[in-house]
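Visitor: Submitted below is the structure of interest, expressed as structure tokens.
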Amino acid sequence: QVQLVESGGGLVQAGGSLRLSCAVSENIASINAMDWHRQVPGKQREFVARITSSGLTNYAGSVKGRFTISRDNAKNSVYLQMNSLNSEDTAVYYCRYYQLGNEFWGQGTHVTVSS
């Protein structure tokens, strides 16, 4: 069974930075797109960032210029560097990918930004 394990969340002051990691239990080199999403309690889960196997990236407008997604196929990991954090970034962050008709999600890591 495929597992995605996020880590790196925590409490940070506004203006600070965090780096999230997502470790995948299988070889991610063949996975085209890996995503980060986030969810605030009571709200819909929203897209944050995506990176393709060729390194192309895409970001939600609210994080563009502040967040950077990257991947290390050798480590089967995806990362999200988050800078200039603000209170609206407080959420549970999830790693996700879709392959061969199946969708895979991690359990999430909590990020809390204090103002």
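Visitor: Could you pull out the residue among Gln81, Gln107, Gln44 that is under 13 Å from the mean Cα position of the chain (by Cα) and not in a strand (DSSP E or B)?
Guide: Criteria check complete, one pass: Gln107.
Visitor: In addition: Looking at the range 85-104, I want the residues that are more than 15 Å from Leu11 (Cβ to Cβ) and open to solvent by less than 70 Å² (accessible area, probe 1.4 Å) and have a partner that is of a type in the set (Ser, Thr, Tyr) and outside any loop (DSSP other than H, G, I, E, B) with Cβ atoms under 7 Å, at least 6 apart or on another chain. Which pairs are those?
Guide: From the range 85-104, the pairs are Phe104/Tyr97.
Visitor: Considering each of Thr68, Thr52 in turn, give the residue that is over 14 Å from Gly106 (Cβ atoms), without any contact (Cβ under 8 Å) to a residue 60 or more places away in the chain, in contact with a strand residue (DSSP E or B) (Cβ under 7 Å, 6 or more places away or on another chain) and exposed (fewer than 14 other Cβ atoms within 10 Å of the Cβ).
Guide: Selected residue: Thr52, the only one of Thr68, Thr52 that is over 14 Å from Gly106 (Cβ atoms), without any contact (Cβ under 8 Å) to a residue 60 or more places away in the chain, in contact with a strand residue (DSSP E or B) (Cβ under 7 Å, 6 or more places away or on another chain) and exposed (fewer than 14 other Cβ atoms within 10 Å of the Cβ).
Visitor: Examine the range 16-23 for a residue that is assigned to a strand (DSSP E or B), over 17 Å from Gly108 (Cα atoms) and open to solvent by less than 20 Å² (accessible area, probe 1.4 Å), and state whether such a residue exists.
Guide: No, the range 16-23 contains no residue that is assigned to a strand (DSSP E or B), over 17 Å from Gly108 (Cα atoms) and open to solvent by less than 20 Å² (accessible area, probe 1.4 Å).
Visitor: Pull out all pairs, ordered by first then second residue, where Cβ-Cβ is under 9 Å, the residues are six or more apart or on different chains, the first lies in the range 25-41 and is under 11 Å from Arg71 (Cα atoms), and the second is among the acidic types (Asp, Glu).
Guide: What qualifies is Ile28/Asp72.
The values are calculated or read from the model by the stated rules, or taken from the named source; none is laboratory data. Note that the structure is predicted; figures quoted are calculated from it, not measured. Glycine gets a Cβ as well: all are built from the backbone with ideal geometry, and neighbour counts include every protein chain shown. Just the protein is used for accessible areas: all its heavy atoms, side chains included, with ligands, DNA and RNA removed. Shrake-Rupley method; radii C 1.70, N 1.55, O 1.52, S 1.80 Å.
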